[in-house]
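None of the figures in this text is laboratory data; all of them are computed from the coordinates on show. From a predicted model like this one, the values you see are computed outputs, not experimental measurements. Positions of Cβ are backbone-derived with ideal geometry, glycine not excepted, and every protein chain shown enters the neighbour counts.
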Amino acid sequence: MDEFDATSSTAADPVLPLGYSLRPLDWADLPAVHALENRLFPLDAWPLSFFEEELAQAVPESDGGTRDYRVTTGPKGEADAGEGADAVVGYCGLMCVPPLADVQTIAVAPEAEGRGLGTAMLLWMVAEAARRRATDLLLEVRADNPRAQQLYARHGFEHIHTRAGYYPGDAQQGTGRVDALIMRRHLLV
């Protein structure tokens, strides 16, 4: 099982490859995050307004904030980036209202996969949820996304429920709606 210090005041810094960083999502990141969202999830991408609403709730926990969003940045050339900036190659979001926390979103650009970025973001959310005194971390994953399911299972998440037909299918490919698998990880607090 993963190691993290649930008693510290901040979540453990994830181990990222050289040249990559995980930092709080900023309003200026929203165009890049939204573009990546549309590229990765064309059937059920969040509209920009969802990201704006979520980021507006990402105020400090001491001010009643229940959300925390992060971006992973890396070397230019892996994804579109502004002049002089690292590229946004991943993002994640957590909602925590103890005793439960939810992975709101997690994504890595295909050209940055295989470097442990998804693992680093997931472990950051596990640690942050525990730091915020959650006892369980929940998430939903498409039933047709075995790679993500394997990542979650590797890090202690178990399938606890299925929401039939939760996600849209691909009308052009003739596929019907896709089930959502609800997965949970118990946290030691």
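In this structure the amide hydrogen of GLY90, modeled in the peptide plane, comes within under 5 Å of the amide hydrogens of THR72, ALA109, none closer than 5 places in sequence on its chain. Distances between placed amide hydrogens fall under 5 Å for TYR166 paired with VAL178, ASP179, ALA180, all partners being 5 or more residues away or on another chain. The HN-Hα couplings worked out from phi for the range 103-120 by the Karplus form 6.51 cos²θ - 1.76 cosθ + 1.60 (θ = phi - 60°) are 6, 6, 6, 7, 7, 10, 4, x, 6, 10, 5, x, 10, x, 5, x, 4, 4 Hz, whole numbers, x standing for Gly and Pro. Out of these labelled values of percent of Cα pairs over 30 Å apart, [x] 16; [y] 31; [z] 25, which was calculated from the coordinates shown here? Matching the structure shown: [x]. When HIS34, HIS161, HIS155 are arranged by Cβ crowding within 10 Å, least crowded first, meaning fewest neighbours, the order is HIS161, HIS155, HIS34.
Fewest-first ordering of SER21, SER62, SER49 by other beta carbons within 10 Å of each residue's beta carbon gives SER62, SER49, SER21.
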